[in-house]
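Notes follow the structure.
None of the figures in this text is laboratory data; all of them are computed from the coordinates on show. From a predicted model like this one, the values you see are computed outputs, not experimental measurements. For neighbour counting, all protein chains shown are included, and Cβ atoms are generated from backbone atoms with ideal geometry for every residue, glycine included.
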Amino acid sequence: MIELLAKLTAKTPSLNPIGGKPETTWEDVAGSLPHLCRHGTLYLYAKYIDIGLDPQLHAEAKAVALAKYGNKDAVRVKALASIALDQALNTGHCQHCQGSGQIANREGFEQCSHCNGTGRAKELSQRQLMSALHVGVNNVKNLWRPRLNELLADYQGYDMAAEESLRRLKKNN
Ligand SMILES: [Zn+2]
């Protein structure tokens, strides 16, 4: 995750300077986020400002996925939408090493075995996806994994747009 955004995710009510002038507030940050579709906006608010719109965000994520893939397998499409949203909100860092890629031991530090030192959360395994959606391995490979990747790419696009806006905000202050 980009350093600037990492700072913003510190969920503190204080108005500490984000960089730039000291009176930069969370309202400034909110105002700097790009104008996106409702889904993208709710996602960025939930991820970076934590203003608690989760139920709306979940509903929107499902609606967007249904619009994309149709109602044919609606239960699975909605489940996939939740999985993608959850991954997008929580990616960035490995839970075991808090994203550092290292775990403290008696001698100092060792590489985190959960993320192999990358610090990033692992993507869902084929098996996890199979059991979450109650489908077979070929179905995951040919249909659901590509769809999951598509949904995740959308979120990545929102992240990139936010990152760019926040950089601009920082530079202008
Ligand atoms: Zn780790």
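Taking 21 Å as the cut-off for C-alpha to C-alpha distance, list the pairs among Lys72/Lys141; Lys47/Lys122; Lys68/Lys141; Lys47/Lys68; Lys68/Lys122 that go past it.
On the way: Lys72/Lys141 19 Å; Lys47/Lys122 19 Å; Lys68/Lys141 19 Å; Lys47/Lys68 23 Å; Lys68/Lys122 26 Å.
Flagged as over cut-off: Lys47/Lys68; Lys68/Lys122.
How do the peptides 80-88, 148-156 rank, highest first, by the average count of neighbouring beta carbon atoms within 10 Å per residue? Could the numbers behind the result be given before it?
Numbers: 80-88: 20.2, 148-156: 16.7.
Ranking the peptides 80-88, 148-156 by packing returns 80-88, 148-156.
Please list 163-171, 56-64 highest first by mean number of surrounding beta-carbon atoms within 10 Å per residue.
Result, highest mean Cβ count within 10 Å first: 56-64, 163-171.
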